[in-house]
Amino acid sequence: MRINFIPMVLMLLLIAGCATVEHRVASAKDPFAMPIDEFLEEVDKLRVSMAQGEPREFEAQEIEQFDEMNEQIRDLLGDATELEQITMYNRTRLYELRTQMVKMMVGDADPTMICFKQHTTGTRLRGNTRCYTLQEVQENKFEAERLTRYIQDLPQGRHPDS
C-alpha cells in the first residue's frame, strides 16, 4: 500500500506543477515571451533562413531593415541576461521592434492601397488625394523613426559639426 501511495503523490505533484505552468505571451512587459538568450538564438536562425530565401524571398531593403532592428534589439538588451534587468521603457521599445520584425517577416502578398487627402498648409485650396501602398507607408514610417532616433541621440545644446 505504501509503495503505491508514494508514486501517486509524485504523480499528483507533477500534474499540479504542469497545471501551474503559465504560457507566456509577448507584451510590453514581456517582449519576447521566452528567455533572452533563446530569443537571440531564434533571431540568428531567422537571419540565416532569410539569406537562404526562407520563408520567402526578401528584398535587400528588407534585409537591411531586419539587420538594423536586430542591432537595435541587441543594443537595448546590452549585457542583460534577465528581463528584470531591463527598464520598462526599453522593454516597450523591444516589444515594438519585435512586432515590426514579425510584420516584416510575414510580408504582404497584395499591395494594399491607402488613400487620404493632403492639404497644403497656408492655403485655402482643396487638398489633393494621395494614394500609397501599405509598404510605402511602412517604409516612410521606418525612415521617420530612424530620423527621430538620430535627432534624439544628438547631444543637446551642441551642433553636430562642432
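The values are calculated or read from the model by the stated rules, or taken from the named source; none is laboratory data. None of these values were measured; they are calculated from a predicted model. Using ideal geometry, Cβ is built from the backbone for each residue, glycine included, and neighbour counts are taken over all protein chains shown. Please note that ligands, DNA and RNA were not included when accessible areas were found on the heavy atoms of the full protein model with its side chains. Shrake-Rupley method; radii C 1.70, N 1.55, O 1.52, S 1.80 Å.
Points worth noting:
- Cross-link reach is defined here as a Cα-Cα straight distance under 20 Å, omitting same-chain residues fewer than 8 places apart; for Lys45 the aspartates and glutamates meeting it are Asp37, Glu54, Glu57, Glu59, Glu62, Glu64, Asp67, Glu68, Glu71, Asp75.
- Over segment 100-151, the alpha carbon radius of gyration divided by the compact-protein estimate 2.2 N^0.38 Å works out to 1.48.
- With the highest mean first, a sort of the peptides 132-138, 74-80 on other beta-carbon atoms found within 10 angstrom per residue produces 132-138, 74-80.
- Reachable aspartates and glutamates, given that their alpha-carbon falls under 20 Å from the alpha-carbon of Lys117 and they are not under 8 places away in the same chain: Glu136, Glu139
- Cα gyration tensor shape of segment 58-109, rounded if a/c is under 1.5, else prolate or oblate by comparing a/b with b/c: prolate
- Summed over the residues of segment 30-162 and divided among them, the accessible surface reaches 73 Å² per residue at a probe radius of 1.4 Å.
- Expressed as a whole percent, the accessible surface of segment 51-145 that belongs to carbon and sulfur atoms is 50, based on a 1.4 Å probe.
- Loop-resident sites, segment 32-103, for GluC sites (Glu not before Pro), counting at most 16 other Cβ within 10 Å (DSSP): Glu57, Glu59, Glu82
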